[in-house]
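> The structure is given below, and queries will be raised subsequently.
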Amino acid sequence: MSTSNNVESLCKALEDEKIARWFANAKNDAVSGKLEKEKKMRIGTGVERNALRAIRATANVEKDAALVSGEMPEEPVVSKKSGLLFEKRLIERHISVCFFFFLFSFLLSSNFREYGKCPITGEQLSMDEIVPMKTGKIVKPRPLTAASIPGMLGMFQNEWDGLMLSNFALEQQLLTARQELSHALYQHDAACRVIARLRKERDEARSLLSHAERQIMPMSASTAVAANASALSNGKRAAEDEDLGPGGKKLRLGISSAIITELAECNAGLSQQRKKRQIPSTLAPIEALERYTQLSSHPLHKTSKPGIVSLDINYSKDVIATGGVDTNAVLFDRPSGQIVSTLSGHSKKVTSVKFVTQGDLLVTGSADKTVRLWQGSEDGNYDCRHILKDHTAEVQAVTIHATNSYFVTASLDNTWCFYDFSSGLCLTQVADTSGPEGRPEGYTSAAFHPDGLILGTGTSEALVKIWDVKSQANVAKFDGHVGPVTAISFSENGYYLATAASDGVKLWDLRKLKNFRSFEFNDTDTPTNSVDFDHSGSYLAVAGADIRVYQVASVKSEWNCVKTFPDLSGTGKATCVKFGTDAKYIAVGSMDRNLRIFGLPGDDGPSES
């Protein structure tokens with residue numbers, strides 16, 4: 001009776017569910033262990049029994065491990081005495097169990113295993129008699145819950161519950177994000193309303209300022225009228241003071257007999273010199289031209305509006321002038337590689353630039369319908385001396401007469417003007433009325449013949465017109481081009497005329513007034529933009545999709561292409577080309593704002609900038 005009371009009191013002290021479950025499992029293991037012990041005793045004794053046990057334990061680790069825990073061992077160990085395989089964690093706990101468990105094993109059942117002994121054989125066993133066993137990676141079997149359909153359904157239910165909880169958390173986060181976004185949109189709407197109010201106040205302030213300016217304007221009207229009365233236009237009185245002829249057209253002084261005499265004398269002198277002229281010995285030979293390559297590249301114009309559309313060279317100073325899309329004309333000193341001056345004043349692109357050999361003058365034509373005369377000073381700067389506003393459309397070309405006293409401008413308004421440098425006056429403005437009605441033929445290019453009595457112009461209707469300067473009469477027309485005639489150039493001997501358009505280059509014999517040769521290029525999408533004979537009349541340069549140099553020959557002989565330079569600008573469009581002194585270099589402008597110099601490698605010149 002006292003024994004049962006002690007057991008009952010101890011059981012009340014051990015109310016922990018895990019310990020009670022452990023004891024229940026231990027009792028069952030003891031019963032199964034006793035039966036297993038009897039089976040193993042039938043195998044044999046001594047060394048043979050231990051070896052056989054080791055072989056069976058190694059062959060089926062899962063079966064032997066189940067002797068203690070029913071689980072596959074993660075850290076298998078072997079008993080030296082019995083050769084049995086155990087889980088290290090479990091056998092250590094079995095051997096080192098406290099006295100409390102010894103007491104209960106004695107009180108509960110005589111069949112219960114004794115701790116400190118082998119759970120299978122019952123022999124005394126210590127940790128020193130346990131040997132670790134090396135094995136490969138052990139794959140655990142599936143849990144019991146996955147071994148049956150109800151267990152798997154339970155697993156799926158747990159997974160589903162977890163997924164639903166995660167989905168609920170995400171929905172809560174989405175709701176919070178929507179609330180924050182709504183708040184941000186409300187703040188944005190409030191900010192927009194504030195900005196609208198500020199703009200309204202700004203507009204009201206501007207309106208009040210404009211009203212105040214209109215009230216002040218009459219007070220200064222008399223002063224403005226007095227100032228305008230003395231204002232100059234083209235260096236003269238304003239246009240309203242000029243004499244107007246029938247139809248509201250300005251009356252021109254015309255080319256006087258004295259000027260015609262001057263032009264005729266210049267023509268005679270140049271004709272005599274040309275007969276005696278020989279090709280200079282300093283001219284670059286063909287072998288040198290074949291070895292020409294790019295020597296330098298200079299970004300002269302602004303990047304906001306890139307592009308060089310015209311250029312000219314002052315041979316006495318070796319200064320190159322370029323006209324750009326950025327409305328500026330730039331003077332560049334080639335030997336030093338430095339910009340001499342930047343001429344600003346035009347409001348649109350500078351379509352044409354020309355140096356005057358004498359007097360240090362530069363003429364620029366622009367798409368803003370004006371022509372400007374620039375006078376050079378001793379400090380290298382250029383000042384605008386005249387602004388000519390006689391054209392009503394874009395000025396496309398400027399050409400200088402051989403006397404260096406007169407020049408001609410050509411415009412898309414279907415007129416060309418003859419100017420006097422000294423006064424800045426337009427002596428005559430010539431319009432051709434022979435074109436088809438309703439289709440005005442604007443002038444896109446112009447050039448003086450080397451003798452000075454012939455003027456050549458190209459039109460937007462693919463025509464080339466030859467004019468007698470003395471009578472201002474159209475004496476010849478050349479057709480055959482496609483598209484506007486973008487450039488024309490006379491050879492130095494006065495026999496040939498080269499014209500460029502969308503379909504390539506055509507060569508004309510001025511003695512027989514006919515086309516004797518045409519150069520057509522593969523890139524039909526890019527027009528030929530520029531042609532230029534060198535001063536000796538030995539070479540012809542053509543600029544378009546690339547730059548080509550031809551050797552000038554006779555009418556019947558072949559004009560061979562000496563050299564082809566690729567367009568290195570990346571735009572596929574070279575816009576202008578010009579030979580340097582004695583063709584020692586070639587200057588090329590393109591639509592990437594860079595001026596490129598081609599010549600022999602090693603020649604003196606500026607470095608790449």
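No lab work stands behind these numbers, since they all come straight from the coordinates. This one's a predicted model, so the numbers in the text were calculated from it and none came from an experiment. Virtual Cβ from ideal backbone geometry, glycine too; neighbours counted across all protein chains shown.
> State the answer as a single residue: which of Trp559, Gly456, Gln358 lies farthest towards the positive end of the charge dipole of segment 263-599, with beta carbon charges of +1 for Lys and Arg and -1 for Asp and Glu, about the Cα centre.
The listed residue farthest towards the positive side: Trp559.
> When the Karplus curve 6.51 cos²θ - 1.76 cosθ + 1.60 is applied with θ = phi - 60°, which whole-Hz ³J(HN,Hα) does each residue of segment 256-269 get, with x for Gly and Pro?
Residue by residue, segment 256-269 yields 6, 5, 5, 5, 4, 4, 4, 5, 5, 5, 5, 4, 5, x Hz.
> Would you mind checking which residues have amide H under 5 Å from Ser341's amide H? H placed 1.01 Å from N; only 5 or more apart, or other chain.
Leu331
> List the residues whose amide H sits under 5 Å from the amide H of Ile547, counting only those 5 or more places along or on another chain, with H placed 1.01 Å from N in the peptide plane.
Long-range HN contacts for Ile547: Phe565, Asp567.
> Turning to a different aspect of this structure: So how strong a dipole does segment 405-540 carry about its Cα centre when Lys and Arg Cβ are +1 and Asp and Glu Cβ are -1, to the nearest 20 debye?
On the way: 9 positive and 17 negative charges, 85 e Å.
Roughly 400 debye for segment 405-540.
> Also, quick follow-up: If you bin the C-alpha pair distances of segment 513-608 every 10 Å from 0, what whole percents do you get?
P(r) for segment 513-608, in whole percents per bin: 15, 46, 31, 7, 1.
> Past the 27 Å Cα-Cα mark, which pairs from Lys349/Lys578; Lys302/Lys563; Lys389/Lys514; Lys317/Lys465; Lys276/Lys563?
Lys302/Lys563; Lys389/Lys514; Lys317/Lys465; Lys276/Lys563
> Within 10 Å, count the other beta carbons around each residue, average over each peptide in 197-207, 290-300, and list them highest first.
Ranked by mean Cβ neighbours within 10 Å, highest first: 290-300, 197-207.
> A further question follows. Would you mind putting 177-189, 125-137, 385-397 in packing order, based on average other-beta-carbon counts within 10 Å, highest first? If you can, show how the numbers build up before the last one.
Values: 177-189: 10.0, 125-137: 11.5, 385-397: 20.1.
Highest mean packing first, the order is 385-397, 125-137, 177-189.
> Taking segment 402-499, which GluC sites (Glu not before Pro) meet the DSSP loop condition and have no more than 12 other C-beta atoms within 10 Å?
The qualifying sites are Glu437.
> A further question follows. Any chance you could run the full-extension gain for Ser166 through Glu92? It's 0.36 nm times the residue separation minus the Cα-Cα distance, nm to one decimal.
Computed gain between Ser166 and Glu92 is 22.5 nm.
> Residue by residue through segment 565-578, which ³J(HN,Hα) values in whole Hz follow from phi under the Karplus form 6.51 cos²θ - 1.76 cosθ + 1.60 (θ = phi - 60°), with glycine and proline marked x?
So the Karplus estimates, Gly and Pro as x, are 9, x, 6, 7, 6, x, 8, x, 8, 8, 9, 8, 9, 8 Hz.
> What list of ³J(HN,Hα) values in whole Hz, one per residue of segment 417-425 in order, does the Karplus curve 6.51 cos²θ - 1.76 cosθ + 1.60 (θ = phi - 60°) give from phi, with Gly and Pro shown as x?
10, 9, 10, 9, 5, 4, 9, x, 8
> Segment 462-525: which trypsin sites (Lys or Arg not before Pro) are DSSP loop and have at most 16 other beta-carbon atoms within 10 angstrom? Each step should come with its number before you reach the end.
On the way: sites: Lys465, Lys470, Lys477, Lys506, Arg511, Lys512, Lys514, Arg517; in loops: Lys470, Arg511, Lys512.
Answer by residue number: Lys470, Arg511, Lys512.
> Cα convex hull of segment 263-599: how many Å³ per residue?
135
> Take the eigenvalues of the Cα gyration tensor for segment 343-488, scale each by 5, and report the square roots as semi-axes in whole Å, largest first.
Working: eigenvalues 136, 55, 32 Å².
Those come to 26, 17, 13 Å.
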